[in-house]
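Have a look at the structure below before the remarks.
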Amino acid sequence: MVERLHRQHKAALISQPNPNNCSDNLPLVLLGLRSSVKDDLHSTSAELVFGITICLPGEYVQPSTDANPNPSQFVQQLEDRMSHLRPIPNRSSSTHVFVHNDLYTSPFVFIRNDTVRKPLTPPYDGPFKVLSSTDKYLVVQKADKPDTVSIDRLKLAYFDTPPSPATPTLSPSTETPPTLPVDDSPSIITPDTTPHPPAPPQQQPTLVTRRSGRNVRHPFRFQDFVS
């Protein structure tokens, strides 16, 4: 099946007036292949795929009734038709890009480094001082000269500010805490006279005599496992 399609494709390209111009001949050849009737299927390839027949290029063009058309009238009609064509306006994008308001008032910013970075390299450089700002870009002081950078590459730089002197601070209290009376009389330690139970006698390990006359004394912790 693939070989038959390849033979038809090759033969159709060779039969064209200019076989070397394949880019112009290929669309017509492919359209003709899918609209040609197969002898074994009694239908076209387009009918098997879409279920209906397809229109050929000749069916889209209405034949002219004028045998000798005037070229000047044809040009005038073409100009009239083209003058009525209007381009379709582009749809305005409604996507809102968030930009922090502090970016325009911040005195310092970071600049994103878009170059190929080495491993463990920070993605932002700076901070750099802001000289002026607009809606789309900021002018920063970079390498002893001003540089214009788009806001897409900028990031806010926040710094820790010292506390305001107007903020009241708590001073340590100078009042001495009240002292409690201390008893300076010597304390008498009385001995403990509570009777304690006597300690259990320490059990000695059992002495076992083997057949050979050898005496074996197992440790006390293994007495329960010795038969």
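Hey, with R₀ at 22 Å, roughly what FRET efficiency would residue 144 and residue 99 work out to, going by the Cβ-Cβ distance, to 0.05? Please report the intermediate quantities before stating the final value.
Working: r = 28 Å, r/R0 = 1.28.
Calculated transfer efficiency: 0.20.
Students often forget the sequence filter, so: which lysines lie under 22 Å Cα-Cα from residue 38 once same-chain residues fewer than 8 apart are removed?
The qualifying lysines are 10.
With a ≥ b ≥ c the root eigenvalues of the C-alpha gyration tensor of the range 2-60, is it rounded (a/c under 1.5), prolate (a/b larger than b/c) or oblate? Write down the numbers at each step before the final one.
Numbers: a/c = 2.63, a/b = 1.40, b/c = 1.88.
Because a/c hits 1.5 or more and a/b fails to exceed b/c, the range 2-60 counts as oblate.
Which residue, chosen from 140, 124, 151, occupies the Cα position most advanced towards the positive end of the dipole of the range 101-156, where the dipole is computed from +1 (Lys, Arg) and -1 (Asp, Glu) charges on Cβ about the Cα centre?
124
Subtract the Cα-Cα distance of residue 160 and residue 108 from 0.36 nm times their separation in residues, and report this length gain in nm to one decimal. Walk me through the intermediate numbers first.
Values: separation 52, 0.36 × 52 = 18.72 nm, distance 1.28 nm.
Taking 0.36 nm per residue and subtracting the Cα distance, the gain is 17.4 nm.
Between residue 18 and residue 74, what FRET efficiency comes out of the Förster formula 1/(1 + (r/R0)^6) with R0 = 25 Å and r the beta carbon distance, rounded to 0.05? Kindly include the intermediate steps, with their values, before the conclusion.
Working: r = 26 Å, r/R0 = 1.03.
Efficiency for this residue pair is about 0.45.
Taking the Cα centre as origin and putting +1 on Lys and Arg beta-carbons and -1 on Asp and Glu beta-carbons, what dipole magnitude results for the range 78-151, to the nearest 20 debye? Provide the component values of the computation, followed by the final result.
Numbers: 10 positive and 8 negative charges, 39 e Å.
The dipole magnitude comes to about 180 debye.
A short reminder: the numbers here are calculations on the coordinates, not readings from a lab. All values derive from a computational prediction rather than experimental measurement. Because the Cβ atoms are built from the backbone with ideal geometry, glycine has one as well, and the counts that use them run over all protein chains shown.
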